[in-house]
Amino acid sequence: MNLEKINWKIYEPAPVIGVDEVGRGCLAGPVYAGAAILMSEAFESELTDSKLLTEAKRNKLSIEILKHHKICIAWASEEEIEKLNIFQASLLAMKRAVEGLGVKSGHILVDGKFTIPGMKGFSQTPLIKGDLRATPISAAAICAKVARDHLMQNLSKEYPGYGFEKHKGYATEVHRKAIKSLGPSRVHRRLFGGVREYCILFLTLLIII
């Protein structure tokens, strides 16, 4: 597979919108999505897969992206993830992000293998490893990740002991051990393996007590 950066400006109709989701594999917290329209070449040379950047670099870049480009961040809640499943909730978050840009047509570049349902008036192209290959997707992913990371840092104060400020809700060993010890919190995804079994366990203990 060719993973070199593509010339995203050839896609029609304009504007070209990069879209990506963040937090799909987490055990806690909402799934976030970003949608980005690059308004100039400002900082474009620095845009890449957000996972290849340090947290400090992501934070700095996110500020500049928000300043120079058109960005919308949206999400689907833990309740929506439970109701719809994580795949459909991710698509819903991406749809909300595009709609939040306030444009009625354009060409959406979506990170991954799937397009976003219900996007009337928009053409779409899915791009595997799109956050590495198309800078509008990179911009969307960076801003979405920074926004979600900040949320999880705030949730760590409301739900201490889980380590949200460090792992941001991902299924690390520390996080799994905290769930086992403390039980799932309100923001945990109750149908996910690693959470589901402890929901049942702690409910059983409450009934016994």
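Only the coordinates and a few stated rules stand behind these numbers; no lab work does. The structure presented is a predicted model; accordingly, all values stated were derived computationally and were not measured. Positions of Cβ are backbone-derived with ideal geometry, glycine not excepted, and every protein chain shown enters the neighbour counts.
At a Förster radius of 41 Å, what calculated FRET efficiency corresponds to the Cβ-Cβ distance of residue 172 and residue 3, to the nearest 0.05?
After rounding, the FRET efficiency stands at 0.90.
Once phi is turned into θ = phi - 60°, what whole-Hz ³J(HN,Hα) does the Karplus curve with 6.51, -1.76 and 1.60 give for every residue of segment 27-42, x standing for Gly and Pro?
Using θ = phi - 60°, the values come out as 9, 8, x, x, 9, 9, 9, x, 10, 9, 10, 7, 8, 6, 8, 4 Hz.
Against the longest alpha carbon principal axis of the chain, how many degrees, from 0 to 90 and to the nearest 10, is the axis of helix 196-208 turned?
Once rounded, the angle reads 30 degrees.
If neighbour count is taken as other Cβ atoms inside 10 Å, put 50, 185, 40 in order from fewest to most. Don't skip to the answer; put the middle values down first.
Numbers: 50 27, 185 19, 40 8.
Taking fewest neighbouring Cβ atoms as first place, the list is 40, 185, 50.
Please compute the Kirkwood hydrodynamic radius over the chain, one decimal place, Å, based on all pairs of different Cα atoms.
Its Kirkwood hydrodynamic radius stands at 17.7 Å.
For n ≥ 4 DSSP H runs only, could you compute -39500 (n - 2.57) per run for the chain, divide by its residues and tell me the 222 nm figure to the nearest 500?
Mean residue ellipticity at 222 nm (helix-derived): -13500 deg cm²/dmol.
Between the helical axis of 135-158 and the dominant principal axis of the chain, each derived from Cα atoms, what acute angle in degrees is found, rounded to the nearest 10?
On a 0 to 90 degree scale, this one is about 20.
Could you list 90, 77 in order of exposure, starting from the residue whose Cβ has the fewest other Cβ atoms within 10 Å?
Details: 90 25, 77 15.
Least to most surrounded, the residues fall as 77, 90.
Please rank 149, 49, fewest neighbouring Cβ atoms within 10 Å first, as an exposure proxy.
Starting with the residue having the fewest Cβ neighbours, the order is 49, 149.
Just how large is the dipole of segment 8-160 about the Cα centre, in debye to the nearest 20, putting +1 at every Lys and Arg Cβ and -1 at every Asp and Glu Cβ?
My answer is approximately 180 debye.
Suppose R0 equals 22 Å. What FRET efficiency, 1/(1 + (r/R0)^6) with r the Cβ-Cβ distance, do residue 83 and residue 154 give to the nearest 0.05?
0.35
Label 7 Å along Cα→Cβ of residue 14; segment 87-126 residues with amide nitrogen under 17 Å?
Within reach of a label on residue 14, which here means backbone N under 17 Å from a point 7 Å along Cα→Cβ, segment 87-126 contributes 103-109, 123.
For segment 45-55, just list the computed ³J(HN,Hα) in residue order, Karplus coefficients 6.51, -1.76 and 1.60, θ = phi - 60°, integers in Hz, with x standing in for Gly and Pro.
Karplus values, whole Hz, x for Gly and Pro: 5, 9, 7, 7, 3, 4, 6, 8, 9, 6, 4.
What fraction of the DSSP beta bridges in segment 8-160 is antiparallel, stated in percent and rounded to the nearest 5?
55
Expressed as an acute angle from 0 to 90° and rounded to the nearest 10, what is the orientation of the C-alpha long axis of helix 173-182 relative to the principal long axis of the chain?
40
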